[in-house]
Structures are given as structure tokens and as C-alpha cells.
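Engineer: Below is one structure. I have some questions about it.
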Amino acid sequence: MRFAIFASGSGSNFQKIVESHYQNPKVEFVFLFTDQKQAYAIQRAKMLGVPVKVAQPKDFPVRLEYEKYLVELCQEAKVDYILLAGYMRIIGSPLLNAYANRIINIHPSLLPDFPGRTGIADAYNAGVTETGVTVHLVDEGIDTGPILAQEKVTIDEGDTLADLETKIHQIEHQLYPRVVGQLIEEGKRYDTSIN
Ligand code: GRF
């Protein structure tokens, strides 16, 4: 099973997924894709020996060309699944169509509560006592696709926002590799060449 991982920032989830599964002979992490030249995820990829691809919409005359480039990149590399790990862009229809139900995202809240870029802070500021982490399939909405797995995180009295971020990331680092592991064990394999 061939995975591409998309990340825009630190890449801690990317690293945990790769570390959890790189020894599995059924698995290949084909590349890290990032839209940020300065992303720390690039350093992690180098350390892990995962090839890196970098591109930004502004490198292309129109946004659609960027989206098509991503499809080509994944299809040429015979990618089966795309894992979003802090990739801070909306996935456009070319990639959504080519990889329907084969793009997975992790979001730092209990969806459908607190979608969007600031899910941790939004839950914290709302004063809820429970939030969590969701791994879901990506569709055309923002954090709306079918849920694959969720885990709760309690917000205790006295927790700062930083405390909550730490708790959320700890759960993410277990949950995302676990969901990827299930996918690998299910053994689904798709022929991307027919897309
Ligand atoms: C995570 O909190 C993830 O849920 C969100 O973006 C963050 C990425 O963190 N989508 P990292 O780059 O994996 O450290």
C-alpha cells in the first residue's frame, strides 16, 4: 500500500505515522508533499528518508493547474492513499475525484463540533469540558467527510490552551497511526491508473 502524506507545518503526525509503519513490508511512504518551503516537516522527512515534493499554487498560472499537478504527482507515483497531516489547504475537485474516499484527514476536535483551522482554540474558548480528535475521509466540505475514528480528550479545570494542545497532540499521535494500521491490515489496494 502506497501512501503520500501532505503537510504544511511541523509534521509531527507525519513522523508518527511513518515511524509506526515504515518497517511493514506492505507499506511504502512514497513522498511527503508540502506547500510550504519552510515547513519543519521537510526536516523530518529527510531524517526519515522520505522523499519530499514541494509546490505552491502561486507556482502555477491558475489554481486548477496546481490541483492537476497534485493528481499527476500522486498517480505517477501510484499512490493508493493520501494522508493529510496538517495540510492547511482545501482539497480541490481534481484530487477529490481522482482519490474519492482515499484521502484521509486528522482534525483536532470531535467533529462535527469545531471544524476549521482553529479547532483546539475554538473548543477551549467555548468552555466545553470535552473535545477530542477525529480521523475522517475527506469530501468537498471543510472537515465534513465520513468519520473513521474519534477519541475524546477532557478539558480539566485549570488547563491552559497550551495544556489542551499537548493533550490533543498526544492523542493524535496514537490515533492516526492506528487508523492507518487498520487500513493496511484491511489490505485495500486500488489501481490508480484507471482514474
Ligand atoms: C494537527 O493538530 C492536526 O490535527 C491538524 O493540524 C495539526 C498538524 O500538526 N490538522 P503536525 O504538523 O502534525 O505537528
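Nothing in this text is a laboratory measurement; each read-out follows from the coordinates by a stated rule. This one's a predicted model, so the numbers in the text were calculated from it and none came from an experiment. For neighbour counting, all protein chains shown are included, and Cβ atoms are generated from backbone atoms with ideal geometry for every residue, glycine included.
Engineer: Could you state the number of Å between the C-alpha centres of the range 12-37 and the range 140-178?
Structural biologist: Value for the Cα centre distance between the two parts: 20 Å.
Engineer: So how many Lys-Lys pairs in the range 50-181 land under 20 Å Cα to Cα, not counting same-chain pairs under 8 apart?
Structural biologist: Lysine pairs meeting the criterion: 5.
Engineer: Less than 17 Å apart at the alpha-carbon level, and either on another chain or at least 8 residues along: which aspartates and glutamates does that give for Lys26?
Structural biologist: Result set, ordered by chain and number: Asp80, Glu185, Glu186, Asp191.
Engineer: While we're looking at this one, here's another question. Determine which residues of the range 119-137 fall in the zone a paramagnetic label at Leu161 would reach in this model, i.e. backbone nitrogen under 11 Å from the point 7 Å along Cα→Cβ.
Structural biologist: Counting backbone N atoms under 11 Å from the label point, the list is 119-126.
Engineer: I would also like to ask the following. Given that compact globular proteins tend to follow 2.2 N^0.38 Å, what is the ratio of the alpha-carbon Rg of the chain to that value?
Structural biologist: 1.01
Engineer: Please return the longest stretch of the chain lacking exposed loop sites, where GluC sites (Glu not before Pro) count only if DSSP places them in a loop and at most 14 other Cβ atoms lie within 10 Å.
Structural biologist: The longest uninterrupted stretch comes out as 1-139.
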